[in-house]
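Data first, discussion second: the structure below is written as structure tokens.
The values are calculated or read from the model by the stated rules, or taken from the named source; none is laboratory data. Just so you know, these numbers come straight off a predicted model, no measurement behind them. With ideal geometry, Cβ positions are generated from the backbone for all residues, glycine too; neighbour counts draw on all protein chains shown. These accessible areas exclude ligands, DNA and RNA; they are computed on the full protein's heavy atoms, side chains included. Shrake-Rupley method; radii C 1.70, N 1.55, O 1.52, S 1.80 Å.
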Amino acid sequence: MGTAAVFTIGELAKRTGLPVKTIRFYSDEGLLPPTDRTDSGYRLYDATAMARLELVRTLRELGLGLADVERALTREATIGDLAVQHVAALDEQIRRLELRRAVLRAVAKRDSPLEEVELMNKLASMSDEDRKRLLDEFWADMVEGLELDPEFYERMRSAKPELPDDPTPEQLEAWIEFAELVQDEEFRASIRRMSEWHSQLRKQDGADFGEKQQELWMAWSAKASEALEAGLAPDSPEGRELAETIFAQSSRNGRDPADPAWRKRLADGMAISYDPRAERYWFLLGKMNGWPSFPSQMPQAEWVVAALRSALG
């Protein structure tokens, strides 16, 4: 036995704070070979072994498995290489934990039944490719067989959820709600009715219907905003005046703005076009993609529809 200071497992445990059982386990696994042995066969360790033990402890606390610790100690892999691999593993673990947290937060908010919990978990775990495929299928169903503005449809279809590699809990919750929304039968029926209404008007009023309608809506919305700020009711004189303006400006190609059937059809069509869930669709998409928030147009839309219905008589 040499003359340098050596320690028994018990002394090593006192100096490092590690349990004797743990040190013995590391030694048995070959991570901490003894420096020497006593005449009775008890293992002894020197200062170098103590430093090696501290390194083993550090690597284990960082989450490396025994095999990776051994590779580092035998220099089959550098600490840097192992750190890169471990960071990637931790990132994936964190991602999965955040997905679970998003699902659980959504469950807590809605007190979801068991079947819905399973669905939400599947939605949260979808890949980017699956998310985009889900949305492509949604829009394909919404416009199948209809004559719509191709540029408008392309804008609708191309706006996809683009979750970052490390989405926030709010973004994940937005995705879960969004995915449920585009699969909801009532919402799909509403958007399909909206598409059918726009297709009918485009056939009757020409290919530039959508652009003209958007310009008109901006003016109508501004009037509705003024009325709302002034506390005016939809059936007020101002509401009736705006309703008559809308009937007149929407009655192109020989339509009679005083025709009761056309007036009711327009009021119903406007109601179809302003489903609040459609606005929610864009709000959730914006939250996922980090877009600037936008003020809701639903108060103005509801006021306009109410004014049109009031003017039906």
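Given a cut-off of 23 Å, name the pairs among Lys109/Lys132; Lys212/Lys287; Lys132/Lys287; Lys160/Lys223 whose C-alpha atoms lie farther apart than that in the structure shown.
Pairs exceeding 23 Å: Lys109/Lys132; Lys212/Lys287; Lys160/Lys223.
Would you calculate, for the chain, the mean residue ellipticity at 222 nm contributed by helices, counting each DSSP H stretch of 4 or more residues as -39,500 (n - 2.57) and dividing by all residues, to the nearest 500?
About -23000 deg cm²/dmol.
Given R₀ = 45 Å, FRET efficiency for Thr168-Ala261 by Cβ-Cβ distance, to 0.05?
Once the sixth-power term is evaluated, E becomes 0.35.
Could you check the simple spin-label distance between Gln200 and Lys14, using points 7 Å along Cα→Cβ, in nm with one decimal?
Spacing of the two 7 Å Cα→Cβ label points: 9.3 nm.
With labels modelled as points extended 7 Å from the Cα through the Cβ direction, what inter-label distance (nm, one decimal) is found for Arg155 paired with Asp36?
Calculated label separation equals 8.4 nm.
Hey, what's segment 243-313 come to in accessible area per residue, 1.4 Å probe, Å²?
48 Å²
Using 1/(1 + (r/R0)^6) with R0 = 45 angstrom and r between the beta carbons of Val84 and Arg277, what's the FRET efficiency to the nearest 0.05?
E between Val84 and Arg277, to the nearest 0.05, is 0.50.
Which angle from 0 to 90°, rounded to the nearest 10, does the C-alpha axis of helix 128-143 make with the longest principal axis of the chain?
10 degrees
Would you kindly derive the ³J(HN,Hα) couplings of segment 184-191 from the backbone phi angles with the Karplus curve 6.51 cos²θ - 1.76 cosθ + 1.60 (θ = phi - 60°), listing them in order in whole Hz, with x for Gly and Pro?
Each residue's phi maps through the Karplus curve to give 6, 5, 5, 5, 4, 5, 5, 5 Hz.
For Leu97 and Asp28, what is the calculated FRET efficiency with R₀ set at 35 Å and r taken between the beta-carbons, to the nearest 0.05?
Efficiency at R0 = 35 Å is approximately 0.55.
Could you give the C-alpha radius of gyration of segment 152-299 expressed as a fraction of 2.2 N^0.38 Å, taking N as the number of residues it contains?
Here the answer is 1.22, to two decimals.
Excluding Thr245 itself, calculate the net charge of residues whose Cβ lies under 12 Å from the Cβ of Thr245, where each Lys or Arg counts +1 and each Asp or Glu counts -1.
Spelling it out: positives minus negatives among the neighbours equals -1.
Working from the alpha-carbon coordinates of segment 1-83, get Rg over Rh, Rh being the Kirkwood radius.
On the Cα set of segment 1-83, Rg over Rh gives 0.99.
Output ³J(HN,Hα) for segment 221-229: one whole-Hz value per residue in order, computed from phi by the Karplus curve 6.51 cos²θ - 1.76 cosθ + 1.60 with θ = phi - 60°, and x for Gly and Pro.
After applying 6.51 cos²θ - 1.76 cosθ + 1.60, I find 4, 5, 5, 5, 4, 4, 5, 5, 5 Hz.
Tell me, rounded to the nearest percent, the portion of alpha carbon pairs in segment 246-313 spaced more than 20 Å apart.
Of the Cα pairs, 42 percent sit more than 20 Å apart.
Sticking with the crude label model, points 7 Å out along Cα→Cβ, report the distance from Ala108 to Ala233 in nm, one decimal please.
Taking the simple label geometry, Ala108 and Ala233 are separated by 4.4 nm.
List the GluC sites (Glu not before Pro) within segment 155-191 that DSSP assigns to loop and that have no more than 16 neighbouring Cβ atoms inside 10 Å.
Glu162
Expected output is a single nm value to one decimal: the length gained when fully extending between Asp141 and Arg193, i.e. 0.36 nm times separation in residues minus the C-alpha distance. What is it?
Gain in length upon complete extension: 17.6 nm.
Can you pull the semi-axes for the chain, root of five times each eigenvalue of the Cα gyration tensor, sorted largest first, whole Å?
In descending order, the three semi-axes are 72, 19, 15 Å.
Helix 260-273: angle to the longest alpha-carbon principal axis of the chain, degrees 0 to 90, nearest 10?
Taking the Cα atoms of the chain, the angle to 260-273 is about 10 degrees.
What's the angle, to the nearest 10 degrees (0 to 90), between helix 79-110's Cα axis and the longest principal axis of the chain?
40 degrees
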